[in-house]
Amino acid sequence: MALQKLKEKEYYTYSDYCTWDDSERWELIDGVAYAMAPPSIPHQGISVELSRQLSNFLQDKPCRVYTTPGVRLNADAADDTVLIPDIVVVCDKSKIGEKTINGAPDLVVEILSPSTKRFDVLEKFLQYQKAGVLEYWVIDPDIKTATSHILNNNKYITTVYGDVGTAPVYILENFEIDLAKVFAG
């Protein structure tokens, strides 16, 4: 299923977003609403493994890992962008709200689906970079790659990893993702 825009209105904010049916998944980018397809089983398996590795490392540390949270990238301004990444790590507890992460997480992980690949790789990349997400990972289950984007002087520096070995997570000192386990399923 391709991404579909909600067409009843031209521009939405987080206030509108809060009135929508919780059984449907939507993202907002600059006031435009996009319907989200549910994740596949392989997608969920990768998400669980990455979350497990991150959670184990972060035990007894100040940063926290969350799966599929709403992230209000510009909550203090227009409040018209709400993304639902697969995984985030937040180290600033003041950004953790009751229902959403309010502001840029430190780390965002998006696991690609055929229907959202272009959206995640292009549009979300730009949104995360603009918002100041320090590290943005894109996991591609089809070609078994993990792409790391590290923010440096407001631009991302990109490194691509394969499905073997480990990959360092810049924001988490001494932590590496075991990619063989991530792609094992």
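The numbers here are math on the coordinates, done by the rules we state, and not lab data. All of these numbers come straight from a predicted model, not from anything done at the bench. Every residue, glycine as well, gets a Cβ built from its backbone with ideal geometry; the counts of neighbours run over all protein chains shown.
Summary of computed values
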quantity: Debye, to nearest 20: dipole size of the stretch 1-103, +1 on Lys, Arg Cβ, -1 on Asp, Glu Cβ; calculated: 340 debye
quantity: Relative contact order, percent, the stretch 99-185 [alpha-carbon distance under 8 Å, six or more residues apart]; calculated: 22 percent
quantity: Where no second cysteine Cβ lies under 4.7 Å, the cysteines concerned in the chain; calculated: 18
quantity: Length gained when the stretch residue 96-residue 117 is fully extended (0.36 nm per residue, less Cα-Cα span); calculated: 4.8 nm
quantity: Cα centroid separation, the stretch 54-99 to the stretch 147-185 (Å); calculated: 19 Å
quantity: Amide hydrogen neighbours beyond the local backbone of residue 177, cut-off 5 Å, H modeled; calculated: 167, 169
quantity: Of 91, 63, 18, the one that fluctuates the most in a GNM where the chain has Cα springs shorter than 10 Å; calculated: 18
quantity: Helix 41-58 vs. the chain, principal-axis angle (Cα, 0 to 90°, nearest 10); calculated: 70 degrees
quantity: Neighbour net charge for residue 66 - beta-carbon separation under 11 angstrom, K R +1, D E -1; calculated: +1
quantity: Space enclosed by the convex hull of the alpha-carbon atoms of the stretch 40-182, per residue, Å³; calculated: 111 Å³
